[in-house]
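The values are calculated or read from the model by the stated rules, or taken from the named source; none is laboratory data. These figures come from a predicted structure and were not determined experimentally. For neighbour counting, all protein chains shown are included, and Cβ atoms are generated from backbone atoms with ideal geometry for every residue, glycine included. Heavy atoms of the whole protein, side chains included, go into the accessibility calculation; ligands, DNA and RNA do not. Shrake-Rupley method; radii C 1.70, N 1.55, O 1.52, S 1.80 Å.
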Amino acid sequence: MSPEPVPSSAAPSRRVVLSGLAGLTTLLLGAGGCVAPEEPEPASTATTPPPWPAPRDAISNIKAAGLPELPLTDTADPHIVEFTVTVDGAAVTLPPHIGVDRVRAVQAPVHTHDETGQVWLEGRGNREVTLGQFFQLWGVRFEAGCLGSACGGLKVAADGQPVDEPLGFVLRGADRIEVRATS
């Protein structure tokens, strides 16, 4: 049994569909052949209880923190700080990609790679990054005794020693940071 012949009227419809797809592709890609990333969401600050996700559009938070936008490949001068964050005694997970804008392939000189609690200082400008800038990147309120919605007290320790001015505390040089907040 031989296959049925395709009616001659099918060829023009196929051409119209293919032509329409080509036009749609051109419209979506634009004349330059690339689609620019959407405008980023403005930086915002969570004043809620945890968990706190990493901002999707980290570029806005990087700019708000006054930090340089580095390529994802900038791994110069690395230093890792172990972070522990608790609210009312409960551990808070640091999410991956704090300070990383994967859409635009940039990162801040302080960022997280995963949920291990390791905060990476890498690239130009990583020796001046403060704890306040890290929380700005994360998009979590960290001020006047508050962490997110927990405003009953805030204690910060670096390598076991109390930190009196947490906002301006420079991360480079510390190996372990503990942030404890109460409601």
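A few comments on the model shown:
- From 75, 48, residue being farther than 17 Å from residue 122 by Cβ, open to solvent by 30 Å² or more (accessible area, probe 1.4 Å), outside any helix (DSSP H, G or I) and in contact (Cβ under 8 Å) with a residue 40 or more places away in the chain: 48
- Tabulated pairs, region 148-169, first over 23 Å from residue 52 (Cβ atoms), second surrounded by 12 or more Cβ atoms within 10 Å (Cβ to Cβ), C-beta under 6 angstrom, 6+ apart or interchain: 159/174; 159/176
- Leading residue by the ranking (farthest from residue 87 (Cα to Cα)) among those in region 145-169 that are in a strand (DSSP E or B) and open to solvent by less than 60 Å² (accessible area, probe 1.4 Å): 158
- Just so you know, in region 134-144 the residues that are in contact (Cβ under 8 Å) with a residue 40 or more places away in the chain and open to solvent by 30 Å² or more (accessible area, probe 1.4 Å) include one that is farthest from residue 118 (Cα to Cα), and it is 141.
- Matching residues, region 107-131, being free of Cβ contacts under 8 Å to residues at least 60 places away in the same chain and open to solvent by less than 20 Å² (accessible area, probe 1.4 Å): 107, 108, 109, 111, 112, 117, 119, 121, 122, 123, 126, 131
- Among the candidates 92, 81, the residue that is surrounded by 15 or more Cβ atoms within 10 Å (Cβ to Cβ), over 19 Å from residue 123 (Cβ atoms) and at pLDDT 95 or above is uniquely 92.
- Residue in region 51-63 that is in contact with a helix residue (DSSP H, G or I) (Cβ under 6 Å, 6 or more places away or on another chain), open to solvent by 60 Å² or more (accessible area, probe 1.4 Å) and at pLDDT 85 or above present: no
- Region 108-140: number of residues that are part of a strand (DSSP E or B) and either in contact with a helix residue (DSSP H, G or I) (Cβ under 8 Å, 6 or more places away or on another chain) or hydrophobic (A, V, I, L, M, F, W, C) (or both): 6
- Residue 18 vs. criteria exposed (fewer than 10 other Cβ atoms within 10 Å of the Cβ) and at pLDDT below 95: no
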